[in-house]
Amino acid sequence: MNALIIAILRAFQFIFSIIVLGISISLAKGQRIDAVPASTGYAAFTGGLGTLASLIGAAGIFIESLQTLITWAIDGLAGLAFVAGGITYAVLLRGTSCSNYESIWDNTIISGGCTKIDKTKVCGYTPSPAKSRCTSAQADTAFMFLGFVVCVGVWWSGICLSDCKDEVCDMCSMMSNAVVLYTVGCGK
């Protein structure tokens, strides 16, 4: 049962990581003016790290020596990278609407880069491609947050579903009970 839960979570971790990696690389390749924004490069790194974490974690299902601090540390690091990337994109995309070209035309992630020509700011994309890039950037944001949630789930299940020591089991039980009580309390 434990291995099945972890395998399912690892599959989702792999899928979300590959999606983040692919979208981020696509956005980076579409940069027309200047260098790729650091946020886009970081998002690609996050997708790559998540993919690596999922593959190492999947190997850990079959190799017992990997089911310890190694996978916990990598999953924790990947989770932090996902949440940091998601927050960065959410902040950079704040106030944008993909259906409103005026709100996205000079956004650092979406615009493809901007420059000044004769005191006029010119950016890399016309409305239709910019709207497509906006949708991609929003999807990238969502999948980074989903990647974070899955990393937390994998990390949690790796600790709480393993053959744990009494102190760890007590902590997992206490925190699980707190989550259930909070969820039930908020559902009223």
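The values are calculated or read from the model by the stated rules, or taken from the named source; none is laboratory data. Note that the structure is a prediction, hence the values are computed from the model and not measured. In this analysis, Cβ positions are derived from the backbone assuming ideal geometry, glycine residues included, and neighbour counts consider all displayed protein chains. When the accessible area is computed, the model is the full protein with side chains, heavy atoms only, and any ligands, DNA or RNA have been set aside. Shrake-Rupley method; radii C 1.70, N 1.55, O 1.52, S 1.80 Å.
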Keeping every protein chain in place, order L77, L9 by accessible area at 1.4 Å, biggest value first, i.e. largest first.
L77, L9
The ³J(HN,Hα) series, computed from each phi in the range 44-54 with the Karplus coefficients 6.51, -1.76 and 1.60 at θ = phi - 60°, rounded to the nearest Hz and given as x for glycine or proline, is 5, 4, 4, x, x, 5, x, 5, 4, 4, 5
Please list the non-local residues whose amide H lies under 5 Å from the amide H of V122, H modeled 1.01 Å from N, same-chain partners needing a gap of 5 or more.
T115, K116, I117
When the charge dipole of the range 3-178 is computed with +1 at the Cβ of Lys and Arg and -1 at the Cβ of Asp and Glu, the Cα pointing farthest to the positive end, of Q13, L69, A58, is that of Q13
For the range 3-178, how big is the tail of P(r) above 30 Å, as a whole percent of Cα pairs?
30
Residue-by-residue Karplus 3J(HN,Hα) for the range 18-25, coefficients 6.51, -1.76, 1.60, Hz, glycine and proline x
5, 5, 4, 4, x, 5, 5, 5
Quick one: Karplus J couplings for the range 94-99, per residue in order, coefficients 6.51, -1.76, 1.60, θ = phi - 60°, nearest Hz, x for Gly and Pro?
4, x, 9, 9, 4, 8
Give me the number: length gained by fully extending E102 to A28, i.e. 0.36 nm times residue separation minus the C-alpha to C-alpha distance, one decimal in nm.
24.5 nm
Listed peptides 105-117, 38-50 by packing density, highest first (mean Cβ within 10 Å)
38-50, 105-117
Leaving out ligands, DNA and RNA, and with a 1.4 Å probe, what % of the accessible surface on the range 3-178 is carbon or sulfur?
69
Listed peptides 23-35, 90-102 by packing density, highest first (mean Cβ within 10 Å)
23-35, 90-102
Can you give the accessible area of K131, probe radius 1.4 Å, in Å² rounded to 10?
70
Computed FRET value (nearest 0.05) for A59 with A84, which takes r as the C-beta separation and R₀ as 30 Å:
0.75
